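To keep things clear, I will list the structure first and then write my remarks on it.
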Amino acid sequence: MMQENSINPFTVYFSLNNGLSDTKNPISRHLSDMKGMYYDNEAFDKMMENGNPLTYDFYDLEMPETDGDLAFGTSVTYPGKVGMEYFMTKGHFHTILDTAEVYYCIGGIGYMLMENPEGDWDIQVLTPGKAVYVPPRYAHRSINIGNEPFITFYTFRADAGHDYGTIETKGFRKLVLEQNGNPIVVDNPKWK
Ligand code: NI
């Protein structure tokens with residue numbers, strides 16, 4: 001017997017090849033949704049003149065926002081660069097800051113960039129089969145450093161909420177750029 005406000009058991013398919021569901025529509029972020037988030041505005045504008053590429057997809061399954069439920073889905077960051085900076089997600093803190101998240105890589109190669117308000121930061125490399133633990137208080141951003149889609153499956157406490165605004169305003173302390181074909185981590189000159 002089901003309690004009130006509870007959700008019934010269900011399954012959802014996410015492809016191990018492209019990360020996408022066959023029954024749910026992803027939320028798609030195109031380059032235009034990322035205005036001001038890449039450090040090289042000139043490269044951004046130039047790229048926009050030649051189209052508005054899809055940079056990442058992710059899912060919101062609209063789970064009940066309670067501390068007993070889990071939100072989950074896949075995130076697919078496509079390969080590409082704005083200037084020297086790899087395609088990435090906006091990144092966010094959780095509104096309830098003391099909530100963690102797990103990402104499990106099922107395709108491609110990428111970085112999980114993390115930082116907390118106390119000034120600690122970290123980067124972990126993800127390849128298929130690797131899971132990363134994003135501790136409570138850490139903002140997190142997926143960055144595709146390879147040539148194929150960087151696909152992860154994630155889950156977090158369903159009432160955690162997303163604070164995109166802090167990162168949109170301040171940025172992350174670190175940027176990941178390509179130099180001589182390799183990813184390098186540098187200080188973000190625009191970080192406030
Ligand atoms: Ni999150």
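Read the figures in this text as sums done on the coordinates, not as results from a lab. What you see is a predicted model, and the numbers here were worked out from it, not measured in a lab. FYI the Cβ positions are ideal-geometry reconstructions off the backbone, even for glycines, and counts take in every protein chain you see.
Using the Cα centre as the reference, give the magnitude of the dipole from point charges on the C-beta atoms of the chain (Lys, Arg: +1; Asp, Glu: -1; all else neutral), rounded to the nearest 20 debye.
It comes to approximately 460 debye.
Out of Val82, Val125, Val12, any idea which swings most in a Gaussian network model of the chain, alpha carbons joined below 10 Å?
Residue with maximal mean-square fluctuation among Val82, Val125, Val12: Val12.
Averaging the inverse of every distinct alpha carbon separation and then flipping it gives the Kirkwood radius. What is it for the range 80-132, in angstrom units?
Radius from the Kirkwood sum: 12.8 Å.
Could you compute the longest span of the chain free of chymotrypsin sites (Phe, Trp or Tyr not before Pro) located in DSSP loops and having at most 16 other Cβ atoms within 10 Å, not counting the site residues?
14-163
When all alpha-carbon pairs of the range 110-192 are counted, what percent fall beyond 17 Å?
52 percent
If you take the square roots of the eigenvalues of the alpha-carbon gyration tensor of the range 144-188 and sort them as a ≥ b ≥ c, do you get rounded (a/c under 1.5), prolate (a/b over b/c) or oblate?
Because a/c hits 1.5 or more and a/b fails to exceed b/c, the range 144-188 counts as oblate.
With θ taken as phi - 60° and the coefficients 6.51, -1.76 and 1.60, list the Karplus ³J(HN,Hα) couplings across the range 49-64 in order, rounded to whole Hz; mark glycine and proline as x.
Listing the rounded values in order: 5, 9, x, 9, x, 5, 9, 7, 10, 8, 10, 10, 7, 6, 6, x Hz.
Please give me, ordered by residue number, the GluC sites (Glu not before Pro) of the range 52-139 that lie in loop per DSSP and have at most 16 other Cβ atoms within 10 Å.
Answer in residue order: Glu62, Glu65, Glu118.
Over every pair of different alpha-carbon atoms in the chain, take the mean of 1/r and invert it; report that Kirkwood radius in Å.
Result for the chain stands at 17.2 Å.
So how much slack lies between Glu62 and Ile123, counting 0.36 nm per residue of separation and subtracting their Cα-Cα distance, in nm?
Between Glu62 and Ile123, full extension yields an extra 19.1 nm.
Using 7 Å Cα-to-Cβ label points, what is the Glu168/Tyr78 separation (nm, one decimal)?
2.2 nm
Taking amide H positions as placed 1.01 Å from N in the peptide plane, with prolines and chain starts having none, which residues 5 or more places from Leu61, or on another chain, fall under 5 Å of its amide H?
Here the answer is Phe72, since their amide H atoms fall under 5 Å of that of Leu61.
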